[in-house]
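Structure, as structure tokens:
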Amino acid sequence: VQGFRVFAISFLFCGINIFASAYFTALGNGRASAMISFIRTLVLQVAMILFLPRFFGILGIWMALPVAELLTMGLTFWYFSQQQSLFKIRPTDW
């Protein structure tokens, strides 16, 4: 039960990351979209599954996905900030 509660937190961040990937695809920035998807699904999830159980035990495995999604969300917001001038996005438009 505790593991499912921790795992469920990832759904809050997952939607933002999937939206951002689709957003960059729609605007023709396939590189940013691919990086978000690749980092989210392979790199960070595998890294967190290998890293977190060393410190948190079984709970670390459940924490792997929420932590990976949260870190990917940071990358997503960085991509948004880098692309502001290109897509003429102002922070007030968010």
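In this structure, does Phe80 turn out to be touching a residue at least 60 places away in the same chain (Cβ under 8 Å) and open to solvent by less than 40 Å² (accessible area, probe 1.4 Å)? When the stated conditions are applied, Phe80 passes them.
Under 6 Å by Cβ, and 6 or more places apart or on different chains, what pairs join a residue from region 9-29 that is farther than 13 Å from Phe80 by Cα with one that is of a type outside the set (Ser, Thr, Tyr)? That search, which allows pairs on different chains as well, returns Ile9/Pro66; Ser10/Leu65; Ser10/Pro66; Ser10/Glu69; Phe13/Glu69; Phe13/Leu70; Phe13/Met73; Cys14/Glu69. Just one of the listed residues (Val46, Val6, Val67) is at negative phi, among the β-branched types (Val, Ile, Thr) and in contact with a Pro (Cβ under 8 Å, 6 or more places away or on another chain), and it is Val6. Note on region 30-63: residues that are open to solvent by less than 90 Å² (accessible area, probe 1.4 Å), under 27 Å from Gln82 (Cβ atoms) and either in contact with a Leu (Cβ under 6 Å, 6 or more places away or on another chain) or hydrophobic (A, V, I, L, M, F, W, C) (or both) amount to 11.
Among the conditions (1) in contact with a Lys or Arg (Cβ under 7 Å, 6 or more places away or on another chain); (2) of a type in the set (S, T, N, Q); (3) touching a residue at least 60 places away in the same chain (Cβ under 8 Å), Thr72 misses just one, which is (3).
The values are calculated or read from the model by the stated rules, or taken from the named source; none is laboratory data. In this text, all values refer to a predicted model and were calculated from it rather than measured experimentally. Cβ sites come from the backbone with ideal geometry, for glycine too, and all protein chains shown count toward neighbours. Remember, those area values only see protein heavy atoms, side chains included, never the ligands or the DNA or RNA. Shrake-Rupley method; radii C 1.70, N 1.55, O 1.52, S 1.80 Å.
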